[in-house]
Amino acid sequence: MDYSKIAKSVIENVGGQENIISAVHCATRLRLRLKDYNKVNEDKITDIDQVKGVFLANDQYQIILGSGTVNLVTDEVLKQTHLSTNTNTEEPKAAKEGNPIMRFVKVLSDIFVPIIPAIVAGGLLMGINNVLTANGLFVAGKSLIDIMPEFAGVASFINLCANAPFTFLPVLIGFSATKKFGGNPYLGAAMGMIMVHPELLNAYSLASAEAIPTWNWFGLEVQSIGYQGTVLPVLMVSWILANLEKRLHRITPSWLDNLTTPLLSILITSVLTFLFVGPAMRTVGDWLAYGLSWMYSSLGFIGGAIFGLLYAPITITGMHHSFSAIETQLIAAAQTTGGSFIFPTASMNNVAQGAAVLAVLFITKDEKLKSICSASGISALLGITEPAMFGVTLKLKYPFYAAIIGSAVGSAWIAGTHTLALAMGAAGLPGFISIAPQSWVNFFIGLGISMATSFILTLVFTKHQANKEKQTKEQQPQTTETTDAIEEQAQENVIEQAQNNTVYAPFAGTVKPLDQCGDEAFASKAMGDGFVITPTDNNFYSPVTGEVSFIFPTRHALGLQTENGTQMLIHIGMDTVNLEGKPFEMFIKQGDKVQAGQLLGRVDFEQIKVAGLSIETPVVITNKPLATPVNASDVNAGQQILTLE
């Protein structure tokens, strides 16, 4: 696979190197911030090998490439554009003024995505340790290391490796968050180290501690408790540290800056951490984790079904990244919370998406879609759903509906059986390793329920939709260009006797000279003279007798040529190319002979208005001057508008 070629194609079709502000990636997507998103050629990007889908969200043009591939393509994009993953650029104004919730979610996403591999590695190792140490998993009343003591040392080592990312989580978050907030990430890591220093009372031992150690600061008793496994305290501390550092840089003389700014940043932030910020945010984090756990447990299978139904829509917005903070807190406090319900729900959602895609693979005859389904379906079953959602289920709609229902049913089972995760990992078929061993059976039953429901409903919904479309075609034959009924309807004509060199109104509506068009390109008459009409009826008719010279793929514009060589462009609405042909229905095709006044098609102008676009329709004669001027007036379809020389 030529990753360099893929990267080159991506760069060319997003407007070139000069249009790219920054390029980063997550688990499956290349995320590009661009200067002008109108320069993107989306059709050509989706045709690039390995591209499984594209979409625009959170001021990022996101190209889905899949796990593994995305890393290599991103490296090539950075290499060819001479950009850096640390490129520090001003965020666009639109991004700064966006929805506050989405901005907050984006911040959490940017902080947690880089450290997810470390957390997942720790989670999977924790799952392996669970297999080795769980009582009754293989033999009643005994664990694997009880049966084979020679594995005790291995289990102890694996447990150490598994706990490290969670024990020292504030170091990871401190580095990532401080960097995101614009501070020195190494100071952030140092602050995280201070929060988990061995001389502090370990946070995991707080509940069993006989006495809490304190410092005496000039008569003030300050608790010396660590923040192992916490999230919210270090997020707030990182924000304070970064802003304090930036302020000190501005006011400190350059000859003192390198000496005093790090010193004061760390010292002041540390004092604030142990006096106020740490205890307050620890309490908030505990309340949040316990509150969600209580709600989930209290609502039982109903709460699970609701969360499972909403998980995929939440993933589309990117808000699922904010769950990392909550989930980490739940797992860190598993002794009191029992574990995390988020991971099992994510697993139900992921396998449901995968099953829906495999159902599409089973029924589709489109070879390109089959290729996308085979890769993205397996990926979703293993825990990565973006290629499946954005490449298949969302585009086809009904598989997405089937998948979220499957996720809801499986999650209801998981909630009803109190199946919880003790670690983070790959949320899919391999996810059992992160589940408490005594709940493995219920977890697999939930996976089976989710997959079966999603697969069957995809088949049912697709068949229902096919039958519905077939009935629509039978009841409304004018929507199929190849039927005799449409050919007969296309003969409908609103002009009894057409005259040569005469142009008639294609719509009923209000006519104005072309220079009064709201679009400057048409008003300038750079393409030719003519008129503009604001339609009041959905039917449109041929303004001349001649031949259909072309129809745009999106059906928003067409060309006509008369027998004497007059060429004409009809452009229905402004910027309607972006509607991808949805409001337009054509009863003719390129090369057809048409008569003046003949019905050519229909337009749903309400759909265009809802999209916020103009319905003004220019009719431009591109190669001949007008013999008579155009007068502003209200006209009926087929009414004479002008004559040509």
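I'm trying to understand the selection: among the residues of region 120-154, which are closer than 22 Å to Gly174 by Cβ, at pLDDT below 70 and touching a helix residue (DSSP H, G or I) at 6+ places or on another chain (Cβ under 6 Å)?
Answer for region 120-154, where residues must be closer than 22 Å to Gly174 by Cβ, at pLDDT below 70 and touching a helix residue (DSSP H, G or I) at 6+ places or on another chain (Cβ under 6 Å): just Gly123.
Can you tell me which residue is farthest from Arg250 (Cα to Cα) among those in region 164-204 that are open to solvent by 30 Å² or more (accessible area, probe 1.4 Å) and either of a type in the set (Gly, Ala, Ser) or touching a His at 6+ places or on another chain (Cβ under 9 Å) (or both)?
Ala164
Find the residue count for region 431-452, including only residues that are open to solvent by 30 Å² or more (accessible area, probe 1.4 Å) and at pLDDT 80 or above.
Of the residues in region 431-452, 11 are open to solvent by 30 Å² or more (accessible area, probe 1.4 Å) and at pLDDT 80 or above.
Any residue that is among the polar types (S, T, N, Q), in contact with a helix residue (DSSP H, G or I) (Cβ under 6 Å, 6 or more places away or on another chain) and at pLDDT below 75 - is there at least one of those in region 75-85?
No, the conditions are met nowhere in region 75-85.
Given the residues Gly518, Gly530, Gly573, Gly565, which is the only one that is over 23 Å from Glu606 (Cβ atoms), touching a residue at least 24 places away in the same chain (Cβ under 8 Å), of a type outside the set (A, V, I, L, M, F, W, C) and part of a loop (DSSP other than H, G, I, E, B)?
That would be Gly565, the only listed residue that is over 23 Å from Glu606 (Cβ atoms), touching a residue at least 24 places away in the same chain (Cβ under 8 Å), of a type outside the set (A, V, I, L, M, F, W, C) and part of a loop (DSSP other than H, G, I, E, B).
Would you check if there is a residue in region 577-590 being touching a Ser or Thr at 6+ places or on another chain (Cβ under 9 Å), within 18 Å of Ala505 (Cα to Cα) and not hydrophobic (A, V, I, L, M, F, W, C)?
No, because not a single residue in region 577-590 is touching a Ser or Thr at 6+ places or on another chain (Cβ under 9 Å), within 18 Å of Ala505 (Cα to Cα) and not hydrophobic (A, V, I, L, M, F, W, C).
How about region 508-529: which of its residues are of a type in the set (Gly, Ala, Ser) and modelled with pLDDT under 90?
Listed by number, the residues that qualify are Gly518, Ala521, Ala523, Ser524, Ala526, Gly528.
What pairs can you find where one residue is in region 582-606 and more than 20 Å from Val494 (Cβ to Cβ), the other is of a type in the set (Gly, Ala, Ser) and assigned to a strand (DSSP E or B), and their Cβ atoms are less than 7 Å apart, with a gap of 6+ or different chains?
Here the result reads none, with nothing in region 582-606 linked to a residue that is of a type in the set (Gly, Ala, Ser) and assigned to a strand (DSSP E or B).
Identify the residue in region 555-611 that is surrounded by fewer than 16 Cβ atoms within 10 Å (Cβ to Cβ) and of a type in the set (Gly, Ala, Ser) and, among all such residues, is modelled with the lowest pLDDT.
Ala611
Out of the residues in region 415-430 meeting the condition of being part of a helix (DSSP H, G or I) and out of contact with any Phe, Trp or Tyr (no Cβ under 7 Å at 6 or more places or on another chain), tell me which one is surrounded by the fewest Cβ atoms within 10 Å (Cβ to Cβ).
Selected residue: Pro430.
Can we say Phe362 is at pLDDT 85 or above, surrounded by fewer than 24 Cβ atoms within 10 Å (Cβ to Cβ), assigned to a helix (DSSP H, G or I) and out of contact with any Cys (no Cβ under 6 Å at 6 or more places or on another chain)?
Considered against the rule, which asks whether it is at pLDDT 85 or above, surrounded by fewer than 24 Cβ atoms within 10 Å (Cβ to Cβ), assigned to a helix (DSSP H, G or I) and out of contact with any Cys (no Cβ under 6 Å at 6 or more places or on another chain), Phe362 comes out as yes.
Would you check if there is a residue in region 395-405 being open to solvent by 40 Å² or more (accessible area, probe 1.4 Å), over 22 Å from the mean Cα position of the chain (by Cα) and over 20 Å from Ile372 (Cβ atoms)?
No, every residue in region 395-405 fails to be open to solvent by 40 Å² or more (accessible area, probe 1.4 Å), over 22 Å from the mean Cα position of the chain (by Cα) and over 20 Å from Ile372 (Cβ atoms).
Report yes if some residue within region 237-253 is open to solvent by 60 Å² or more (accessible area, probe 1.4 Å), without any contact (Cβ under 8 Å) to a residue 12 or more places away in the chain, aromatic (Phe, Trp, Tyr) and assigned to a helix (DSSP H, G or I); otherwise report no.
no
Consider Thr482 carefully, then state whether it is open to solvent by 20 Å² or more (accessible area, probe 1.4 Å), over 30 Å from Ala164 (Cα atoms) and either part of a helix (DSSP H, G or I) or at pLDDT 85 or above (or both).
Criteria not met by Thr482.
The values are calculated or read from the model by the stated rules, or taken from the named source; none is laboratory data. Quick caveat: nothing in here was measured; it's all calculated off a predicted structure. Cβ sites come from the backbone with ideal geometry, for glycine too, and all protein chains shown count toward neighbours. Just so you know, the surface numbers come from the protein's heavy atoms only, side chains and all, with ligands and any DNA or RNA stripped out. Shrake-Rupley method; radii C 1.70, N 1.55, O 1.52, S 1.80 Å.
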